[in-house]
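Here's a structure for you.
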Amino acid sequence: MSTNNTLFRPFSLKSLNIKNRIVMAPMTRSFSPNGVPTADVAAYYRKRAEGEVGLILSEGTVIDRISSSNDANIPHFYGTEALTGWQNVINGVHAAGGAMGPQIWHMGIMDNHRSGWVPSQPFEGPSGLNRPGNTNGATMTDADIADTIAAFGRAAADAKRLGFDCVEIHGAHGYLIDQFFWDGTNQRTDVYGGKTLPERSRFAVEVIKEVRKQVGEDFAIIIRLSQWKPADYNNLLAKTPQELEAWLNPMADAGVDIFHCSQRRFWETDFEGSDLNFAGWAKKVTGKATITVGSVGLDGEFLAAFGGASSNPSSLDELLRRMDRGDFDLVAVGRPLLADPHWAQKIRDNRTEELKGFSKEALAQLV
Ligand SMILES: Cc1cc2nc3c(=O)[nH]c(=O)nc-3n(C[C@H](O)[C@H](O)[C@H](O)COP(=O)(O)O)c2cc1C
């Protein structure tokens with residue numbers, strides 16, 4: 001099958017109606033002073049819609065908890081000013097024929113940001129830890145947990161009210177929800193902890209249920225998950241397909257429509273005896289739609305990029321082979337779209353000689 005047939009088929013699921021299978025991966029840009037997305041941020045997203053990206057997922061945007069962020073330039077998804085900024089963003093994306101969902105986020109317990117900025121209350125998480133052996137915040141009380149779940153629900157309700165097409169819950173990469181999943185950071189002995197992954201998933205399930213309650217049945221809910229953690233790239237939360245099923249199905253039952261399966265390299269496998277990737281397995285064990293991600297169209301992975309490594313364009317053949325086989329429904333693309341709003345059009349039109357690759361200079365500005 002050709003690239004066009006595979007990647008440029010429309011996709012519909014509940015509120016989400018998109019013209020192709022290309023998703024802009026959520027990427028923190030820190031260009032929103034005091035948490036308010038500016039006109040430049042709106043123009044940046046609009047350009048991706050003009051560039052034929054099917055679905056844009058926003059950078060992580062934090063929910064209404066005092067210590068949900070470690071950086072004053074990361075956008076909020078609460079408060080009149082920030083939500084007015086987001087209204088401008090979605091209006092621009094829709095005017096250009098695109099679709100978009102915010103990625104709603106609570107960072108949990110972080111290292112202090114290099115800028116020196118800290119929230120006015122300590123970071124909060126399941127057990128005070130942001131990685132095994134490192135405490136940098138408070139252990140959440142039942143009241144903290146209940147208020148955080150409610151804040152996720154309010155953010156999702158606002159996403160729908162503002163006219164976004166879906167919402168993505170950030171449950172990956174070692175942030176709050178993932179801190180509950182991982183026994184390296186969740187040492188609770190109450191109902192939010194436990195020896196098994198399904199027990200430690202209770203917080204996520206309650207967040208999803210609240211989000212579903214707030215947005216109704218017909219609004220598409222995505223959750224982003226990762227087996228890997230920044231503190232342990234080789235970590236496997238689910239060590240077998242059976243554990244994966246036991247982890248994901250309660251979230252599907254709680255209201256997830258699409259699992260966004262974060263990998264650093266999409267072709268890597270977690271379980272022996274199969275070449276299915278995380279998104280492939282998630283689709284197989286839940287029957288839900290999935291998004292794959294990780295070094296699509298690039299020869300180097302994204303965490304090395306933060307250290308300054310550049311990446312060159314690479315072939316999409318392996319991605320297309322897996323997609324044609326039905327492993328996953330959608331493909332998220334990060335750095336190529338950060339650097340080049342026209343990436344999707346160039347792929348569609350086979351203008352491969354015009355693809356730019358990625359170098360860390362692209363992080364310094366919104367293009
Ligand atoms: C600058 C930058 C910021 C990122 N911020 C986020 C984020 O806010 N939320 C998230 O889930 N992932 C974030 N990621 C990860 C990307 O969504 C994506 O999974 C990763 O870059 C791999 O895709 P790629 O190889 O196509 O770049 C970020 C990545 C980059 C490069």
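The values are calculated or read from the model by the stated rules, or taken from the named source; none is laboratory data. Computed from a prediction, not measured in an experiment: that's the story for all the values here. Ideal geometry is used to build each Cβ from the backbone, glycine not excepted, and the neighbour counts take in all protein chains shown. We work out accessible area using only protein heavy atoms, side chains counted, and drop any ligands, DNA or RNA first. Shrake-Rupley method; radii C 1.70, N 1.55, O 1.52, S 1.80 Å.
Which number in (1) out of contact with any Gly (no Cβ under 7 Å at 6 or more places or on another chain); (2) modelled with pLDDT of 95 or more marks the one condition that Asn20 misses?
All conditions pass for Asn20, except number (1).
Within segment 35-47, identify whether any single residue is open to solvent by less than 30 Å² (accessible area, probe 1.4 Å) and in contact with a Leu (Cβ under 6 Å, 6 or more places away or on another chain), and answer yes or no.
Yes; the residues of segment 35-47 include at least one that is open to solvent by less than 30 Å² (accessible area, probe 1.4 Å) and in contact with a Leu (Cβ under 6 Å, 6 or more places away or on another chain).
Conditions: (1) surrounded by 15 or more Cβ atoms within 10 Å (Cβ to Cβ); (2) within 12 Å of the ligand (Cβ to nearest atom). Leu303 meets all but one. Number of the miss?
Leu303 satisfies all of (1) surrounded by 15 or more Cβ atoms within 10 Å (Cβ to Cβ); (2) within 12 Å of the ligand (Cβ to nearest atom) except (1).
OK, next. So which helices (runs of 4 or more DSSP H) stay within segment 1-104 end to end and still have 3 or more residues that are over 25 Å from Lys288 (Cα atoms)?
By residue number, 39-50, 80-95.
I've got another one for you. What do you reckon, is Ser295 at pLDDT 95 or above, within 14 Å of the ligand (Cβ to nearest atom) and either in a loop (DSSP other than H, G, I, E, B) or open to solvent by 20 Å² or more (accessible area, probe 1.4 Å) (or both)? First the steps, then the outcome.
Numbers: at pLDDT 95 or above: yes; within 14 Å of the ligand (Cβ to nearest atom): yes; either in a loop (DSSP other than H, G, I, E, B) or open to solvent by 20 Å² or more (accessible area, probe 1.4 Å) (or both): yes.
The answer is yes for Ser295.
Next up: When the residues of segment 253-273 are filtered to those that are touching a residue at least 24 places away in the same chain (Cβ under 8 Å) and of a type in the set (S, T, N, Q), which remaining residue is nearest to the ligand (Cβ to nearest atom)?
Ser262
So, one more: Please go through segment 157-179 and pick out each residue that is under 25 Å from Lys229 (Cα atoms) and either more than 16 Å from the ligand (Cβ to nearest atom) or open to solvent by 30 Å² or more (accessible area, probe 1.4 Å) (or both). Even if it seems obvious, please write down each step before you answer.
Looking only at segment 157-179, we keep the residues that are under 25 Å from Lys229 (Cα atoms), and these are 167-179.
Correct list: Tyr175 only.
All but one of (1) crowded, with 24+ Cβ neighbours inside 10 Å; (2) away from the ligand (no atom under 16 Å from the Cβ) hold for Met107, so report the exception by its number.
Failed condition: (2).
Out of curiosity, is Ala362 within 19 Å of the chain's Cα centre (by Cα), within 13 Å of the ligand (Cβ to nearest atom), closer than 26 Å to Ala39 by Cα and of a type in the set (Gly, Ala, Ser)?
Against the criterion (within 19 Å of the chain's Cα centre (by Cα), within 13 Å of the ligand (Cβ to nearest atom), closer than 26 Å to Ala39 by Cα and of a type in the set (Gly, Ala, Ser)), Ala362 does not qualify.
For Ala231, only one of the following conditions fails: (1) of a type in the set (A, V, I, L, M, F, W, C); (2) open to solvent by less than 20 Å² (accessible area, probe 1.4 Å); (3) under 27 Å from Thr139 (Cβ atoms). What is its number?
Failed condition: (2).
Within segment 23-41, track down each residue that is more than 9 Å from the ligand (Cβ to nearest atom), among the β-branched types (Val, Ile, Thr) and in contact with a strand residue (DSSP E or B) (Cβ under 9 Å, 6 or more places away or on another chain).
Listed by number, the residues that qualify are Val23, Val36, Val41.
Moving to a separate point now. State all residues of segment 1-19 that are closer than 14 Å to Phe328 by Cβ and not hydrophobic (A, V, I, L, M, F, W, C); if no residue qualifies, say none.
Result: Thr6, Arg9.
Does Gly92 satisfy the criteria of being surrounded by 15 or more Cβ atoms within 10 Å (Cβ to Cβ), farther than 22 Å from Asp144 by Cβ and more than 16 Å from the ligand (Cβ to nearest atom)?
yes
Here is a check on your reading of the model: is Ala146 closer than 30 Å to Val23 by Cα and open to solvent by 10 Å² or more (accessible area, probe 1.4 Å)?
So Ala146 does not fit the description; no.
Based on what the data block shows, is Ala246 of a type in the set (A, V, I, L, M) and either touching a strand residue (DSSP E or B) at 6+ places or on another chain (Cβ under 8 Å) or in a loop (DSSP other than H, G, I, E, B) (or both)?
So Ala246 does not fit the description; no.
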